[in-house]
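Single-structure report; data block below.
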Amino acid sequence: MPDGPVRDAEVKPAEDARAPDGDAERAVEHEQERVPDDRLLRALADVDNLRKRFDREVARARADERARAAQSWLPVVDNLELALDHAGPECAPLAEGLRAVRDQAVALLAALGFPRFEDVGQAFDPARDEALAIVETGAPSGTVVATLRPGYGTAESMLRPAGVVVARASD
C-alpha cells in the first residue's frame, strides 16, 4: 500500500467485479423503447378524444349558425313570394325582377343546406309537412293537394316544414 491518502483514480476494481456489459445495457434501453409507457398512451388517447369532441362541437356550432342565418332569410323569401302573388299583369317587368331576387334567395338557402320543397301529390309526412287545412277531394286520403307555404330543409336538418292542404276521403 502506498503511503498517504488513497485517491479515487488509483482505486482499481477487483478482477471478478466487471463493468456492465454494453450489450445488456442496449437490450434494456431497446426494451424500454419498445414497451410504451401507459401514461403516455393515456395522454395521447385523451388528446385524441379532446380533438374529436372539439371537432364535433365546432361542426354543431357551424350547423346552428347556418340554421340561424337561413332562418333569418325566410321572412324575406316569404315577402318576395307575397309580392309576386300580388303583382298583376301591369307589373310584369317588376315581377320578373322580384322573381330573380326570390330565386337568388332560395338558391342561397339551398347552398346553406336547406333546399326548398313542396310535397304536392305526395303522401302527407308529418316530419316534412304541417297540415294547415283538410279538404274533401277526389284525391286519395292523406295526399297533399296544395302547398300554402313551401318548406325548407332535408330529413336531417329541417328549417321549416311545408304548410300544406291535405285531402280527406269523401264520405
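What the table below lists for this structure:
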read-out: Residue, nearest to ALA70 (Cα to Cα), within segment 122-158, restricted to residues that are of a type in the set (D, E, K, R) and not in a strand (DSSP E or B); value: GLU156
read-out: Residue check, PHE54 open to solvent by 100 Å² or more (accessible area, probe 1.4 Å) and under 28 Å from the mean Cα position of the chain (by Cα); value: yes
read-out: Identity of the residue in segment 159-171, at pLDDT 95 or above and part of a strand (DSSP E or B), that ends up farthest from ALA63 (Cα to Cα); value: ALA167
read-out: Selected residue [modelled with pLDDT of 95 or more and either touching a Ser or Thr at 6+ places or on another chain (Cβ under 6 Å) or open to solvent by 100 Å² or more (accessible area, probe 1.4 Å) (or both)] from ARG62, ARG102, ARG116; value: ARG62
read-out: LEU84 under 15 Å from TYR152 (Cα atoms), in contact with a Lys or Arg (Cβ under 7 Å, 6 or more places away or on another chain) and buried (at least 16 other Cβ atoms within 10 Å of the Cβ); value: no
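The values are calculated or read from the model by the stated rules, or taken from the named source; none is laboratory data. In this text, all values refer to a predicted model and were calculated from it rather than measured experimentally. Virtual Cβ from ideal backbone geometry, glycine too; neighbours counted across all protein chains shown. Surface accessibility is based on the protein's heavy atoms, side chains included, excluding ligands, DNA and RNA. Shrake-Rupley method; radii C 1.70, N 1.55, O 1.52, S 1.80 Å.
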